[in-house]
Amino acid sequence: MTDLPQLLDGEATSTPSTVTVRLNLRSIRDETRVLAVGVTLPSGQVWGFDLDLVSGTDTDGTWQATFELPPAQAGSWSISDVGSIDRLGVWHHLSAGDLARITGSTWTTT
């Protein structure tokens, strides 16, 4: 049995052309190998992005991704999913409550 990863906090910041997502994640027992975020575009399409470990360890660290926004996609964007894969290859989806702890998880572009 594995302990589910716990999102301690997170932040999404945006400019007119880029978004940076930064998440602080802790896993009691199993190291996180992959952390990914799903972003819902104004069109309803969902894009997935892998985050890189930028500080800490794979059991208690800060993960980050920066990605470009296409100019044709003006409107409301949101982080709709966060998932991780642990060292055993088990995929974990974080809960809606976890997603609510991400500051700026919805943003608007023009």
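The values are calculated or read from the model by the stated rules, or taken from the named source; none is laboratory data. Predicted, not measured: the structure shown is a model, and the values here were computed from it. Using ideal geometry, Cβ is built from the backbone for each residue, glycine included, and neighbour counts are taken over all protein chains shown. Accessible surface areas use protein heavy atoms only, side chains included; no ligands, DNA or RNA. Shrake-Rupley method; radii C 1.70, N 1.55, O 1.52, S 1.80 Å.
Can you tell which of S84, S55 is open to solvent by 40 Å² or more (accessible area, probe 1.4 Å), within 19 Å of R22 (Cβ to Cβ) and not charged (D, E, K, R)?
S55
Specify the residue that is modelled with the highest pLDDT; the eligible residues are those in the stretch 16-37 that are under 20 Å from F67 (Cβ atoms) and open to solvent by 70 Å² or more (accessible area, probe 1.4 Å).
If we take residues in the stretch 16-37 being under 20 Å from F67 (Cβ atoms) and open to solvent by 70 Å² or more (accessible area, probe 1.4 Å), then R22 is modelled with the highest pLDDT.
Name the single residue, out of those in the stretch 63-74 being open to solvent by 20 Å² or more (accessible area, probe 1.4 Å) and either part of a strand (DSSP E or B) or aromatic (F, W, Y) (or both), that is modelled with the lowest pLDDT.
Across the stretch 63-74, the extreme among qualifying residues is E68.
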